[in-house]
């Protein structure tokens with residue numbers, strides 16, 4: 001007896017909004033993969049990201065993972081290290097942490113994940129037509 005075939009799911013395009021959590025990409029570091037479910041789940045609820053944004057979302061997860069690692073390092077090693085002539089100097093990780101947090105803040109804002117960012121980022125509605133299809137004479141949307 002032949003199996004019934006089920007219709008294949010339509011392939012996602014870059015213009016399709018992310019409406020449900022997606023599995024973490026295999027390319028993420030272990031720490032970034034732990035950030036992924038919370039970030040992608042929130043973006044799916046907010047409706048502020050499309051499939052074209054997946055690489056930027058990966059970057060956001062990696063930045064958040066780096067922030068956590070730097071924070072843990074500073075908690076373990078302290079904010080200062082021994083410098084020349086036994087003078088204490090700022091731990092180099094403190095400057096990296098500041099830079100990483102600034103980068104994370106910008107990315108979170110870009111996706112509307114902080115209050116000020118939501119002012120300028122509106123939930124995405126799917127496009128009414130596929131502009132690439134117009135180039136080849138077919139509009140399948």
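Points worth noting:
- Some residue of the stretch 42-54 being more than 17 Å from residue 121 (Cβ to Cβ) and either at pLDDT 95 or above or more than 12 Å from the chain's Cα centre (by Cα) (or both): no
- For the residues 118, 76, the requirement of being closer than 27 Å to residue 34 by Cα, out of contact with any strand residue (DSSP E or B) (no Cβ under 6 Å at 6 or more places or on another chain), modelled with pLDDT of 95 or more and assigned to a helix (DSSP H, G or I) singles out 76.
- Checked against (1) within 27 Å of residue 120 (Cβ to Cβ); (2) modelled with pLDDT under 90, residue 7 passes all but a single condition, namely (1).
The values are calculated or read from the model by the stated rules, or taken from the named source; none is laboratory data. Given the structure is predicted, the values throughout are model-derived calculations rather than measurements. Neighbour counts are summed over all protein chains in view; Cβ atoms, including those assigned to glycine, are modelled from backbone coordinates with ideal geometry.
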